[in-house]
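Okay, so here's the structure we're looking at.
Where a number appears in this text, it was derived from the coordinates with a stated rule and is not lab data. The model shown is predicted, which means the values in this text are computed figures rather than measured ones. For neighbour counting, all protein chains shown are included, and Cβ atoms are generated from backbone atoms with ideal geometry for every residue, glycine included.
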Amino acid sequence: MKILLSGEGPTDLGVCRNAQGRCDGAEFKRGPMTQLLIQLLEPLIHYSLDDYPDSFAYVSETALSAQTKATPARLQPARGKKKGAETSYFYSNATTLGRMAVDLAVDVGDSVLAVFFRDSDGTRSSHAGRWQDQWQSVCDGFKRSGFEHGVPMLPKPKSEAWLLCVAGVNPGGDCSALEELSGNDNAPHSAKSQLDAMLGQHHSAEELSDWLKEHPADVDHINTMPSFKAFHQALTSAVEKMHP
């Protein structure tokens with residue numbers, strides 16, 4: 001199985017070591033969200049992808065957007081006028097990632113799982129359905145591409161909130177309130193600043209990945225966050241379709 005990832009940078013899914021927008025295998029430096037993904041996949045596929053770096057391929061947000069813009073107009077996904085620019089962005093880029101995944105499956109002669117990561121970055125003033133609009137746009141984009149094994153990974157408000165739950169905020173209890181934190185890193189009590197405080201100091205992306213290896217996520221606990229639960233369910237469903 002090959003996993004095609006698209007994220008925002010080193011502190012989420014990771015980054016290319018070759019300073020390019022696309023890479024795979026040893027050229028891909030895994031971030032904390034990829035480490036979390038590895039943990040979630042292990043009970044589903046019955047082995048750890050930690051031992052198989054060649055399983056990963058990565059395309060950055062910038063490279064994916066450039067590929068979307070370079071797509072011939074006749075293949076550009078159309079979005080209804082009622083849909084805003086933001087949801088069109090999620091839709092069109094998920095469509096492109098899905099098409100890349102279809103091509104990759106042919107190239108490698110194996111099944112491919114695609115994960116589309118973006119922080120939802122909501123604030124208290126964001127409209128109530130903003131995250132759901134983003135989620136549905138990614139799902140619709142994958143569907144438009146004809147790719148069946150695409151998974152949206154949209155932390156609310158951002159990945160640091162998920163990591164706060166893993167770190168033990170409200171241990172054994174409900175972490176859903178963390179989704180109400182500001183997605184603005186400069187805001188008081190932001191998810192990022194609270195994670196730094198929880199861990200005692202600021203951690204680099206590499207340090208967070210190492211920390212996750214030593215502190216595996218309690219899935220039942222983090223599933224109390226609706227954005228994580230939706231991702232986990234979509235991931236499980238996609239893997240089950242690939243390996244019925």
The chain: Cys lacking any partner C-beta under 4.7 angstrom: Cys139
Selected from Gly129, Gly109, His221, residue furthest toward positive end of dipole (the chain; charges at beta carbon): Gly129
Cα centroid of segment 202-240 to Cα centroid of segment 132-187, whole Å: 10
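Per the Kirkwood definition applied to all pairs of different Cα atoms, how many angstroms is the hydrodynamic radius of segment 124-233?
Values: mean 1/r = 0.0667 Å⁻¹.
Radius from the Kirkwood sum: 15.0 Å.
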Reachable aspartates and glutamates from Lys2, criterion Cα separation under 16 angstrom, eight or more residues apart if same chain: Asp24, Glu27, Glu42, Asp50, Asp51, Asp54, Asp103, Asp107, Asp110, Glu148, Glu240
Dipole magnitude of the chain, debye to nearest 20 (Cβ charges: Lys/Arg +1, Asp/Glu -1, about Cα centre): 1300
Calculated SAXS-style log₁₀ I(q)/I(0) at q = 0.09, 0.15, 0.16 Å⁻¹ - the chain, Debye, Cα scatterers: -0.36, -1.06, -1.21
Residues of segment 220-234 with amide N under 20 Å of a point placed 7 Å along Cα→Cβ from Ala177: 220-229
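By DSSP, what percent of the beta bridges with both residues in the chain are antiparallel, rounded to the nearest 5?
Details: 6 of 20 bridges.
Bridges in the chain are about 30 percent antiparallel.
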